[in-house]
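Nothing in this text is a laboratory measurement; each read-out follows from the coordinates by a stated rule. Since we're looking at a predicted model, the values are computed, not measured. Ideal geometry is used to build each Cβ from the backbone, glycine not excepted, and the neighbour counts take in all protein chains shown.
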Amino acid sequence: MATIESLTLEVADTEAAHRFYTTAFGLDTQLRLRPSQAPSTGFRGFTLSLVVSQPADVNAFVDAAVAAGATTLKPAAKSLWGYGGVVQAPDGTIWQLASSSKKDTGPATRKFDELVLLLGVADVTASKRFYVDRGLTVAKGFGSKYVEFATGSGPVKLALYKRRGLAKVAGVSPEGTGSHCLAVGGDIGSFTDPDGFVWEDAPSAPTLAQLAEGIETQ
């Protein structure tokens with residue numbers, strides 16, 4: 001089964017991004033950072049989601065992210081599907097913090113159950129076909145609006161959403177130009193998909209954990 005081992009964010013300042021992601025979300029091997037000055041404006045066409053077990057955990061992550069320098073795009077609140085909020089990291093990446101539960105069952109923790117990459121695409125049906133042809137298996141789908149893939153034991157889950165719909169969920173305009181500032185590290189080869197998202201078979205950028213080791217030994 002196809003897996004996604006890590007995500008590489010292209011950022012202007014890797015040290016600042018490293019501080020933010022380790023402080024706000026406690027990420028390590030799932031995320032890589034690569035320096036880049038590639039122009040990018042507006043919505044980059046994707047969001048990253050941390051799925052947690054209860055509203056208190058959502059609040060804990062949102063509060064930690066804002067304290068570390070994130071901007072609130074949507075305050076944490078109840079919705080039809082659960083509880084969640086949206087923040088934008090200092091490097092520009094949009095993060096959703098979400099729980100399917102509307103009630104707390106215990107003290108807040110800073111633990112997440114899933115890291116989900118949501119790609120905003122022009123044509124969900126066409127993009128689904130593109131990825132199925134490359135070996136991914138559909139786990140869940142809602143017509144031409146949303147598709148979720150089975151990615152096995154990999155640390156990152158993958159889903160497709162209509163670009164305008166995803167921008168609405170994130171609380172931003174769907175317009176955007178330039179680089180996505182993202183590369184997906186998986187085991188299905190190196191390519192660029194129909195919406196310009198880059199996949200790398202062997203990412204060269206260091207993970208947050210490797211960056212931490214480098215910083216500590218300097």
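A few comments on the model shown:
- Amide H within-cut-off set for SER101, under 5 Å, with H built and near neighbours excluded: TYR83
- Lys/Arg +1, Asp/Glu -1 at C-beta; the range 1-71 dipole; positive extreme among ALA2, THR29, ALA56: ALA2
- Interchain or long-range residues, amide H under 5 Å from LYS162's placed H: VAL121
- Length released on extending from SER101 to ALA212, taking residue separation times 0.36 nm less the Cα-Cα span: 36.6 nm
- Hz values of 3J(HN,Hα) by residue in the range 70-78 - Karplus curve (6.51, -1.76, 1.60), Gly and Pro given as x: 6, 9, 7, 9, 9, x, 4, 7, 6
- J(HN,Hα) series, the range 111-116, from Karplus relation 6.51 cos²θ - 1.76 cosθ + 1.60, nearest Hz, glycine and proline x: 10, 10, 8, 9, 10, 10
- Rounded to whole Hz, the Karplus (6.51, -1.76, 1.60) HN-Hα couplings of the range 28-44, x for glycine and proline: 9, 7, 6, 10, 10, 10, 9, x, 7, 10, 4, x, 8, 10, x, 5, 8
- Spin-label model distance (nm) - VAL66 vs ALA150, 7 Å beyond Cα toward Cβ: 4.0 nm
- Eligible lysines near LYS128 by straight Cα distance, threshold 20 Å, same-chain separation 8 or greater: LYS140, LYS145, LYS157, LYS162
- Stretching the chain fully between VAL138 and ARG34 yields a gain of 34.4 nm (0.36 nm per residue, less the alpha carbon separation).
- Under 14 Å from the Cα of LYS103 - aspartates and glutamates, other chains or at least 8 residues apart: ASP57
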